[in-house]
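Q: Here it is: the structure, laid out below.
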Amino acid sequence: TTMKFFAALLPIATALSLCHAFVPSSIASVASKSSQLDVSSPAAAETDDDALINTTPPPTRPLSPLTFAGQMEAALIDKFGGAEPIQRVLDSWRWAEMDYAHKEFMGPRQDPPATDPKSSNCHQLAPSYVADLTCRQFWDASQFDWAKKLESSFDEIKKEFVSVTADMNSLSKKGNNIWAGALSDDAAGYGEGWKTLVLVNRGMWDPVNAKLFPKIARAVHESGIPMTECFFASMQPGSDIKLHSDFTNFVLTSHLALVIPENGNNKCRLTIGDEERQWIEGEVMAFDTSIMHSAVNESDEMRYILMFRMWHPDLTEVERDAIQFVYDCLEMPELLSEDAGTRWMAEERVKMARTFPDVGGGGGSSSDKKSGFGLEGRGRKGKKGAKKNKKKGGGGGAGSGFG
């Protein structure tokens with residue numbers, strides 16, 4: 001089991017753009033096929049008896065130091081001063097290694113509550129799971145300062161987006177994995193009409209794509225949103241996204257609606273659990289996509305949003321840092337090397353990849369310039385590796401989980 005994490009390692013954001021969790025750039029499966037819902041049917045949560053079961057997280061124990069997962073665990077404990085401050089993260093990592101997928105009917109926790117699990121879609125499915133986090137369908141985005149800042153920058157954001165995407169041929173030649181589709185079997189529910197363009201994956205900027213949208217990249221960066229992913233998502237006219245989970249409960253999802261056909265006429269809608277809302281241009285929505293959810297575009301035009309994965313507000317700062325360290329190690333296993341020089345080189349590469357790049361026009365850093373660490377062009381390897389990337393998580397779309 002541990003070898004699958006290492007062998008399937010590769011950044012998803014460069015390979016496609018799904019929704020994501022502990023493995024936003026995916027590495028093999030964190031949940032066995034028996035624990036997955038059938039995302040091909042909107043009635044999955046009602047017809048699949050297994051989906052109605054509330055699972056109980058099993059006890060955990062230290063992992064073998066001879067495995068990649070065990071080495072990761074030891075590095076976490078060493079880096080963060082012992083197990084106690086990151087116990088929930090350690091448990092989550094161990095459950096992923098055990099192929100545990102958390103399932104829970106969340107209806108009674110909503111406002112208003114839902115009490116019948118057979119008639120409700122408010123079911124959580126999270127193979128990448130941190131215990132004791134608040135689970136609600138939609139969050140009040142107005143409580144987040146970063147959301148207010150993004151909304152205040154909407155006119156500038158939309159103007160640049162429309163301008164840059166007006167010439168799709170030029171954009172495709174200049175950027176990395178422009179409008180990539182959901183390539184994995186687990187993301188089949190997204191359908192062929194859903195595609196993405198990634199700016200940030202697992203906390204690491206794509207300097208090439210960010211430079212194509214400098215004002216948007218800067219607005220996102222300056223908003224202070226605690227994101228793990230940022231990407232544009234398109235949805236074709238007359239298409240829908242089937243009922244599914246993004247498999248991770250320790251990140252929330254947020255949308256800034258950019259271009260919504262028949263804006264305000266309820267043609268483009270998102271349903272989380274049992275609650276449905278329409279996208280409204282310039283407004284931010286925040287919600288939990290570990291709950292079964294779906295979407296529809298009933299208009300005759302393309303719908304565009306700016307999408308984020310962000311840390312769950314209930315995580316402590318040290319827990320966020322610990323999960324980010326896991327992300328970094330999954331992207332760059334050299335961080336776990338016993339050789340100090342190799343580790344230092346990997347740490348420098350990660351530091352640079354997570355620094356806001358020079359997008360031109362002032363305000364950025366020069367971290368994306370050639371440095372000898374081999375970061376330039378990291379996003380270009382996505383297409384070659386995409387065939388291997390068959391499981392959950394991953395930049396630009398599949399939930400930011402471990403798997």
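The values are calculated or read from the model by the stated rules, or taken from the named source; none is laboratory data. Nothing here was measured: the structure is a model prediction, and the numbers come from that model. All Cβ positions, even for glycine, are placed from backbone atoms using ideal geometry, and neighbour counts span all protein chains on display. Only protein heavy atoms, including side chains, enter the accessible area calculation; ligands, DNA and RNA are left aside. Shrake-Rupley method; radii C 1.70, N 1.55, O 1.52, S 1.80 Å.
Q: Kindly flag which residue pairs out of 148/215; 158/215; 242/267; 149/174; 159/215; 158/195 have an alpha-carbon separation exceeding 20 Å in this structure.
A: Too far apart for the 20 Å limit: 149/174.
Q: Given an 8 Å cut-off on Cα distances and at least 6 residues of separation, report the relative contact order of the stretch 139-311 as a percent.
A: 27
Q: Could you work out how much longer the chain between residue 66 and residue 314 gets when fully extended? Use 0.36 nm per residue separation minus the Cα distance between them, nm to one decimal.
A: Length gained, residue 66 through residue 314: 86.0 nm.
Q: Taking amide H atoms as placed 1.01 Å from N in the peptide plane, list the residues 5 or more away in sequence, or in a different chain, whose amide H sits under 5 Å from that of residue 204.
A: The answer is none.
Q: Oh, and also: Which ³J(HN,Hα) values, rounded to whole Hz and listed in residue order, are derived for the stretch 338-354 from phi using the Karplus coefficients 6.51, -1.76 and 1.60 in 6.51 cos²θ - 1.76 cosθ + 1.60 with θ = phi - 60°, glycine and proline given as x?
A: Working through the residues one at a time gives 6, 7, 4, x, 5, 4, 4, 4, 5, 4, 5, 5, 5, 4, 5, 5, 8 Hz.
Q: Still on this structure, please answer the following. Can you give the FRET efficiency for residue 166 and residue 99, using 1/(1 + (r/R0)^6), R0 = 60 Å, r = Cβ-Cβ distance, to the nearest 0.05?
A: Computed FRET efficiency for residue 166 and residue 99: 0.85.
Q: Label points 7 Å out from Cα along the Cβ direction at residue 75 and residue 116: separation in nm?
A: Result: 5.0 nm between the two label points.
Q: Along its three principal axes, how long is the stretch 139-311 when you only count alpha carbons? Whole Å, largest extent first please.
A: For the stretch 139-311, the Cα spread along each principal axis is 38, 35, 32 Å.
Q: Heavy atoms only, probe 1.4 angstrom, no DNA, RNA or ligands counted: give me 259, 251 ranked by accessible area, highest first.
A: Largest accessible area first, the residues go 259, 251.
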